[in-house]
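Here is the structure we will look at, set down as structure tokens.
All of the numbers you see were taken from the coordinates with simple rules; none came from a lab. Keep in mind the model is a prediction, meaning the values are calculated, not measured. Counting neighbours? That spans all protein chains shown, and the Cβs are built from the backbone with ideal geometry, glycine included.
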Amino acid sequence: MKPLKIGITGVRGIVGETFTPELAVEFAQAFGTYLDGGRILVCRDTRPSGPMIRSAVLAGLLAAGCEIVDLGICPTPSMQLAVKWLEADGGIAITAGHNPWRWNALKFVRGDGLYLNPQQAEELLDIFHQNEFLKATWKGIRSSVLYDDPIPKHIEELQKAFAVDVIRKRRLVVAVDCCNGACSLLSPRWLEVLGCEVLALNNDPTAPFPHAPEPKPATMAQLCALVKAGRADIGFAHDADGERLGLVTDLGEALSEEMTLALAADIRLRTQPGTIVTNVSTTQAIDCIASQRGGNVVRTPVGQTFISEGLLEHDGVLGGEGSGGITVPEVHLTHDSAAAIGLILEHLAQTEERISDMVQYLPRLATLKHDVAVEPHRLYSVLQEFRAVVEQEGLTFDSTDGVKVTMPEGWAHVRASNTESIIRIIVEAKEKGKAAELLDWARDRIRIS
Amino acid sequence: MRGVIGQSLTPVLLTRFAQAFGTHTGSGTIVVGRDPRTSGEMVKHAVIAGILSSGGRVVDVGVCPVPTVQLQVRRRKAHGGIAITASHNPAEWNALKFIGSNGLFLDSGQARELLDIYHQGEYTKVSGEEIRSVEEVEGAGDAHVKAVIDTLGPLPSAGKKLKVVLDSCNGAGSIVGPKLLEALGADVIPINVTPDGSFPRPAEPLPENLGDLCAAVKKHGADVGFAQDMDADRLAIVNEKGIPIGEDYTLVLAALYVLGHERGPVVANLSTTSALEDVAKKFDCPLFLTKIGEVNVTDKMQQQNAVIGGEGNGGVIYPRINFARDSLVGMALVLHLLAESGKTVSQLLEQFPRYTVVKEKMACPSEKIPAILKMLRHEYGEFPLDTRDGVKVTLPEGWFLVRGSNTEPIIRVVAESRSESQAREIVSRIYARVASCIH
């Protein structure tokens, strides 16, 4: 049985196993307690367990005396924006993002629309563990209202950030795979506002995920076929809740998820040289691009909350992660695949460049990723042991998040996942052979028992 | 399963109970309805989460009377139902009432099974892919009204329209009660029909709580006043003079109408007024008395194919429409009786001897009760005795019943006689005797 994962991104697990309605009720009541019974937004993606978890969350929040605005099925970034214009004290997104169908999770958002930072997540966890919740009386208990369609407001905010008229004039042909997730309600509409001819795939929020909701080449075959058949200018692949974005070029080639940030950074730095904020696990290509274009890179631990805070701290012009999550600060300080789409299409419209050409000039490194399942109680010990081995070998490393060892051929990053009980290994080198060697090097030094 | 919001009634507890129920009913379709209490929405969501998690499907009928939920369970051939209501308990309470697939509340065996599942904590947990859905149904109240009108028809249009004051206590009958009365063709004056969770009066429709209703009946010159409780299962009646007739007499009037149209067995409990017996005798129909408790009454009704039944607390059960205590059915039967007979409520009751029921209770540890009952059986051995539920003694001047409670450490003394003074005398005599045994 896969264990429950409680961490800085919230709590996630497999429904029918560890992710029980009681857990969702208690976490929601803990969050309501943490926010002192204020106004909380709730949204969800299209997973079949969504309504069950939603009821549990509503019960927990109502019991803590919260007032609830339920946005229904809607992308997480839409809810994060709505926290501000609905003047909420926070929000709960019921979505397991890129995890498979049977998973679900609660992601906690604070009053400024950003995820809780690690200290805040700890405080919430403390309340949960102590089990001392606010309990509203019959006079104090409030209710939940449904907010129908928060999408137009999101699109309004997006429009302010991009040259919409220029994009509309170009009538770009855009293929999009919404994975039958929450973006089904946002992306096709946003693309229409941008005047695109939309070739939408898997945009039925009532249908099951057609493939794993993680935008990477392995899940983009259908999209590639559509791009080719429809002679599209570009193809976009979504995860289940609108944070990550994958790209397919006009030639129908699926790009690695690392390329989304590479492309976005390249585009951004051409017109706004400045600081790109990313994490230590993301491709070195970002640094090459930044030095070419006159920008610089700040690297944080893995996790959206660090990107947001990094952007604030360094006045960054763009944020993102190698997983495909992009933050365009002028929209809001969180990953938003719709904002990334705006940025990319604006560039295509303004320059008439083709994605396939752009990608030619971007440094393409070989990245390999490998996950090792570890018992939860061993997770950090395994990491410590790897660190000890690396130290023994006299290698220098970056401990921002786990252990990242940089070597002449490339780098290897070993860290504990925020969302599952696994050790993630990511290696990068100039070419595949070397990357494979680096991966072997790392795997040989990891002992799980 | 009941408790106080903000204290013992927590969403975690509720979700677990709902999972236990979902497990118990084999992941079937469960109808969920609630009264207007402010905590109802929270409880409903906790219940839905639990049912869905255990593989069940939910039909959410919204705010509606308990008998409406029961009717829906049977109509839809659902596997069960949950009514979220604490009946006449004050506003800070709420509770879950579990309904079986036959539309009746769980009997003690089923309730025990449910508790076992709850205590063991081993609930069915389906995977994300197998989770089913929630269907929201808006017309359950209308369907209930239709069921009543389809069976009994509207009131005869000849003659003057009956004027009715309805006090729904801002409860679950607030919307559907007036709708039913209008559908019947009565002239409705509604009071306390705002289902916002506020309690305009104590919810139990006892005479002492019906002051506003009585005043309204007098002010408007109404033919009758009806009072519902929070979950609209019980019905109390105020006559055309603005005087409450007593909760025992709701069933008496209902039986008077029903037996006048269809002969058959009548069922009530041991604590019911002798007036019911008089009505049954008038129509030559057998009367069966059972132990106190709705489940006992409905069991006997099923067994005997009874045409009407209920308890002395204002609960009317008319199987032709709904096998449940149903205030809507009660109102319809009584209004039809008034229209058909052309008589007033007082005139209708005048044809029978008038009895007075006096009820008392006192604190008593449960272990002392057997000895007290044994003493009474011994001392009143020469009189007709019924010992199925405590001790009921039939005296020349009336009867008295002494029994413990399943839910509280008390002992109840009830007596009935033709004259109020005599009823009070019996009660004080027995009360003193019982008290002497306790101390």
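By the count of other C-beta atoms within 10 Å, a proxy for reagent exposure, B:79, B:439, A:154 are ordered fewest to most as B:439, B:79, A:154.
The antiparallel fraction among DSSP beta bridges confined to chain A stands at about 60%. When only alpha carbons are used to place a centre, region A:391-449 and region B:242-295 end up 83 Å from one another.
Gap in Å between the Cα centre of region A:69-122 and the Cα centre of region A:310-355? When both Cα centres are located, 20 Å separates them. When the trypsin sites (Lys or Arg not before Pro) in region B:41-119 are filtered for DSSP coil states and for at most 10 other beta-carbon atoms within 10 Å of their beta-carbon, the remaining sites are B:77.
Out of region B:334-439, which trypsin sites (Lys or Arg not before Pro) are coil in DSSP terms and have no more than 16 other C-beta atoms within 10 Å? Within region B:334-439, the qualifying trypsin sites (Lys or Arg not before Pro) (loop, at most 16 other Cβ atoms within 10 Å) are B:343, B:354, B:388, B:418.
Rounded to the nearest 500, what is the 222 nm mean residue ellipticity of the protein assembly as shown from helices alone, with -39500 (n - 2.57) per DSSP H run of 4+ residues and division by all residues? Working shown, then result.
Details: 29 runs with 339 residues, N = 888.
One gets -12000 deg cm²/dmol as the mean residue ellipticity at 222 nm.
Using the alpha-carbon positions of the protein assembly as shown, Rg (one decimal) and Dmax (whole number) come out as 34.8, 111 Å. Counting only other chain Cβ atoms within 10 Å of each residue's Cβ, the peptide A:57-70 averages 5.
For region A:154-195, the list of trypsin sites (Lys or Arg not before Pro) that fall in a loop by DSSP and count at most 13 other C-beta atoms within 10 angstrom reads A:171. Pairs exceeding 24 Å between alpha-carbon atoms, taken from B:219/B:282; B:77/B:300; A:404/A:430: B:219/B:282.
May I ask for the distance between the Cα centers of region B:123-175 and region A:185-221, given as a whole number of Å? First find each Cα centre; the distance between them is then 43 Å.
Charged neighbours of residue A:214, selected by a Cβ distance under 15 Å, balance to -3 (K, R count +1; D, E count -1). Comparing B:59, B:43, B:358 in a Gaussian network model of chain B, where Cα atoms under 10 Å apart are tied by springs, the biggest mean-square fluctuation is seen for B:358.
Charge tally for residue A:235 (other residues, Cβ to Cβ under 12 Å; Lys, Arg +1; Asp, Glu -1): -2.
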